[in-house]
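The values are calculated or read from the model by the stated rules, or taken from the named source; none is laboratory data. Remember, predicted model here, so these are calculated numbers, not experimental data. Using ideal geometry, Cβ is built from the backbone for each residue, glycine included, and neighbour counts are taken over all protein chains shown. Keep in mind that these areas ignore ligands, DNA and RNA; they rest on the heavy atoms of the full protein, side chains included. Shrake-Rupley method; radii C 1.70, N 1.55, O 1.52, S 1.80 Å.
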Amino acid sequence: MSDANGNGVNPEKDLGASNLPGQRGEGGEEIRVQRGMFGANNGGDTTGYGGLVRSVRLPGPATRPYGGWFDEVADELEGALEEQGLVPDNAIEKTIVDRDELTFHIEREYLVRVAQTLRDDPALRFELCTGVSGVHYLSDKGRELHAVYHLRSITHNRLIRLEVSAPDADPHVPSLVSVYPTNDWHERETYDFFGLIFDGHPALTRIMMPDDWQGHPQRKDYPLGGIPIEYKGAQIPAPDQRRSYS
Amino acid sequence: MSTQTPSSGASAAAARETTEGTVYTVTGGDWDEIAQSAAKSDDERIIVNMGPQHPSTHGVLRLILEIDGETVTEARCGIGYLHTGIEKNLEFRTWTQGTTFVTRMDYLTPFFNETAYCLAVEKLLGIEDQIPDRASIIRVLLMELNRLSSHLVCIATGGMELGATTIMIYGFRDRELILDIYELITGLRMNHAYIRPGGLAQDLPPGAVDQIREFVKKMRKNLPEYDKLATGNPIFKARMQDVGYLDLAGCMALGATGPVLRSAGLPHDLRKAQPYCGYETYDFEIPTADTCDSYGRFLIRLEEMRQSLHIVEQCLDRLQPGPVMVADKKIAWPAQLALGPDGLGNSLDHIKKIMGTSMEALIHHFKLVTEGFRVPPGQTYAAVESPKGELGVHAVSDGGTRPYRVHFRDPSFTNLQAMAAMCEGGQVADVIVAVASIDPVMGGVDR
């Protein structure tokens, strides 16, 4: 029987076959590798499907046309960046359309310029930033830490998402506080939980955890913690030690 | 009270020397001595640490005020005292179990937390269109009742902080009626976990519609009492008017939403702008004010309560019998819950079926309950208009049975940032009014 190191994988078998559960198109970032059919990741797999290996990918970049007002926003943004003497392809790494939502992946050095443009250009006018959310993609080597911003335009009644990535080895992203002052606390929170350093933030200190806390708790390599509990004579392990499926 | 000078060290306010200067620990009744001793020193500047356990700070909020006489020259918030790591915990439970966590975030608006989270999960699953009408109507019904109960607490505690204890008693009296309805429907007064990905945990129990109709009738009678007590009250107006001023530009820059934004005159409400749960089909108005102050926010909350009652009535008229969970058996919880004498649990009929007659149903139940369902990889953002403003959920799935990351953009957290802009330059006593007009709930701020 196969095990986690992939022994027993049938090389003849097309692992990318679309009839496998939850398979998505190529091109997106690999978020993890699923082994076996049922997702149990501890205990022996006696099902016969243990050799199944497939990569789970996030939705990949979209191609034009994006549909609806997405093209208009993308055109306006590219045009406005060109007017400032920037090459849009350098600033916008990729554009993703998924679940009726538009996401621009921005190179981090261009983030402030892009955000300023999105806020000030009359055709774009994303006045309201709903803050930043960090995500830690452990398997996305070289781009582990993502900062995700949702921008709302009340003028045009639209919502877009900006995503910036930084490697774990160099966790720096420029601060957007100068463009959206509301991001002050949000960036402190993301720094506190993910260790993302927002360059240019007026006072980047911890906001939720105590000032002398070690580590950044919402990173994926930070354990949840907890102690086993005895209930009716049985030991119930801590939540992150329990049998789990993925 | 001691009459000795504070420098003798025997005063009621304990003093100790630190590198920052003299630090006094103030308890009741010794404020005069602090003011005296501060007047003696050549430095007029005092830094006051208010909270984190102070009756006027809406939970464990610490206000750090630098004051010069009675004027606040600098105001800062210290938060994090109620951080419970809910977002991290969600990553170790199934998607369905998530609702039991998120309902505890902003504990005064549990149904908004649950709905926002469930809308995000449903969007990730791509089943927004399959949610039964009845489930959406009950969600709207509960959210609007919740808007009422949240605004009632805001007005009640806000009044209490001004010394108006009558309005506090009135507010909690009416909130109690709503909590009784919650208890009847979900079995609990708070922390319901009633709204689930795909629909609801169970249908409305018999008698719920009648009790809500009774409540609407009673509330229509009670709401004008707040007007009579407070709206025209000169003391109330004098304390609230022009206090906690934040204009539209300030709101946009600081990301303030909800009553704070609408008090600056912008009728922005996600129920109208980006409708969810069928809000576009309901008839209601978005109240605004152009005063940018605490009094305007108070009036907006009062009017929103009237509008909420109107929506609740529309919900009751629309309720048709039908399912309250999606038809997809790979997502829907295997059975509706039932309210037994010992609380909410699996219905006896369902247990009979899985234990006695259908082994397949037992396997299905076991797999769905222990493993949960898989959600296709990707991310989404779902937002609802909570009583405090835009409550957004950024949910990321890695294709597994548990969330990869869920982030709550809580309106209290964002709006509380505006405290400094509202209070600096004002009086110390007005800080309380300004903070109360933001209506922060620390469970939501700290999560």
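Restricting attention to the stretch B:382-425, the residues that are assigned to a loop (DSSP other than H, G, I, E, B) and in contact with a strand residue (DSSP E or B) (Cβ under 6 Å, 6 or more places away or on another chain) total 4. Within the stretch A:28-39, identify whether any single residue is at pLDDT 75 or above, aliphatic (A, V, I, L, M) and closer than 30 Å to A:V97 by Cβ, and answer yes or no. Yes, the stretch A:28-39 contains at least one residue that is at pLDDT 75 or above, aliphatic (A, V, I, L, M) and closer than 30 Å to A:V97 by Cβ.
When B:L337, B:L348, B:L368 are checked against the criterion of being without any contact (Cβ under 8 Å) to a residue 12 or more places away in the chain and either buried (at least 16 other Cβ atoms within 10 Å of the Cβ) or not assigned by the TED database to the domain that holds B:D283 (or both), B:L348 stands alone in meeting it.
The residue of the stretch B:80-137 that is surrounded by the most Cβ atoms within 10 Å (Cβ to Cβ), among those that are under 21 Å from B:K367 (Cα atoms) and in contact with an Asp or Glu (Cβ under 8 Å, 6 or more places away or on another chain), is B:T99.
For the stretch A:212-223, residues that are under 24 Å from B:G443 (Cβ atoms) and either open to solvent by 50 Å² or more (accessible area, probe 1.4 Å) or of a type in the set (D, E) (or both) total 2. Across the stretch A:175-226, the number of residues qualifying as under 21 Å from the mean Cα position of the chain (by Cα), farther than 21 Å from B:A253 by Cα and not aromatic (F, W, Y) comes to 13. Kindly evaluate B:H407 against the criterion of being open to solvent by 50 Å² or more (accessible area, probe 1.4 Å) and either among the aromatic types (F, W, Y) or at pLDDT 90 or above (or both). Against the criterion (open to solvent by 50 Å² or more (accessible area, probe 1.4 Å) and either among the aromatic types (F, W, Y) or at pLDDT 90 or above (or both)), B:H407 does not qualify. The residues of the stretch B:231-251 that are surrounded by fewer than 21 Cβ atoms within 10 Å (Cβ to Cβ) and under 16 Å from B:E303 (Cβ atoms), listed by number, are B:T231, B:G232. Would you say B:H310 is out of contact with any Ser or Thr (no Cβ under 7 Å at 6 or more places or on another chain), closer than 21 Å to B:Q97 by Cα and free of Cβ contacts under 8 Å to residues at least 40 places away in the same chain? No; evaluated as a whole, the condition is false for this residue.
Going through (1) open to solvent by 10 Å² or more (accessible area, probe 1.4 Å); (2) of a type in the set (D, E); (3) within 13 Å of another protein chain (Cβ to nearest Cβ) one by one, B:D269 falls short only on (1). Of the residues A:V112, A:V73, the single one that is under 23 Å from B:R409 (Cβ atoms), surrounded by fewer than 20 Cβ atoms within 10 Å (Cβ to Cβ) and more than 9 Å from chain B (Cβ to nearest Cβ) is A:V112.
Checked against (1) in contact (Cβ under 8 Å) with a residue 24 or more places away in the chain; (2) surrounded by fewer than 20 Cβ atoms within 10 Å (Cβ to Cβ), B:T186 meets all criteria but (2).
Here's the yes/no breakdown for (1) more than 9 Å from chain A (Cβ to nearest Cβ); (2) open to solvent by less than 50 Å² (accessible area, probe 1.4 Å):
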residue: B:K352; (1), (2): yes, no
residue: B:M359; (1), (2): yes, no
residue: B:L391; (1), (2): yes, yes
residue: B:T401; (1), (2): no, yes
residue: B:N415; (1), (2): yes, yes
residue: B:A420; (1), (2): yes, yes
residue: B:Q427; (1), (2): yes, no
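Take B:L254 and tell me if it is over 30 Å from B:E424 (Cα atoms) and either open to solvent by 30 Å² or more (accessible area, probe 1.4 Å) or not charged (D, E, K, R) (or both). So B:L254 fails the test.
For the stretch A:195-211, taking the residues that are more than 22 Å from B:A421 (Cβ to Cβ) and more than 10 Å from every other protein chain (Cβ to nearest Cβ), the one that is surrounded by the fewest Cβ atoms within 10 Å (Cβ to Cβ) is identified as A:D199.
Answer with yes or no whether A:S175 is open to solvent by less than 20 Å² (accessible area, probe 1.4 Å), closer than 30 Å to A:D75 by Cβ, more than 11 Å from chain B (Cβ to nearest Cβ) and not β-branched (V, I, T). Spell out the reasoning first.
Details: open to solvent by less than 20 Å² (accessible area, probe 1.4 Å): yes; closer than 30 Å to A:D75 by Cβ: yes; more than 11 Å from chain B (Cβ to nearest Cβ): yes; not β-branched (V, I, T): yes.
Yes.
Taking the criterion of being in contact with a strand residue (DSSP E or B) (Cβ under 6 Å, 6 or more places away or on another chain) and at the interface with chain A (Cβ under 9 Å from one of its Cβ atoms), the only residue of the stretch B:256-266 that qualifies is B:T257. Suppose we keep only residues that are surrounded by 13 or more Cβ atoms within 10 Å (Cβ to Cβ) and within 22 Å of B:F408 (Cβ to Cβ) within the stretch A:224-246. Which one would you say is farthest from the other protein chains (Cβ to nearest Cβ)? Once the filter is applied, the top-ranked residue is A:G226.
Restricting attention to the stretch B:345-377, report how many residues are in a helix (DSSP H, G or I) and either closer than 19 Å to B:L125 by Cβ or of a type in the set (V, I, T) (or both).
Step one: list which residues in the stretch B:345-377 are in a helix (DSSP H, G or I), which gives B:348-357, B:359-370.
Right, trim to either closer than 19 Å to B:L125 by Cβ or of a type in the set (V, I, T) (or both) and you get B:351, B:354, B:357, B:363-364, B:367-370.
Matching residues across the stretch B:345-377 total 9.
For the stretch A:139-151, enumerate the residues that are open to solvent by 10 Å² or more (accessible area, probe 1.4 Å) and either touching a Ser or Thr at 6+ places or on another chain (Cβ under 6 Å) or within 10 Å of chain B (Cβ to nearest Cβ) (or both).
Going through the stretch A:139-151, the residues open to solvent by 10 Å² or more (accessible area, probe 1.4 Å) turn out to be A:139-144.
Of everything in the stretch A:139-151, those that are open to solvent by 10 Å² or more (accessible area, probe 1.4 Å) and either touching a Ser or Thr at 6+ places or on another chain (Cβ under 6 Å) or within 10 Å of chain B (Cβ to nearest Cβ) (or both) turn out to be A:S139, A:R143.
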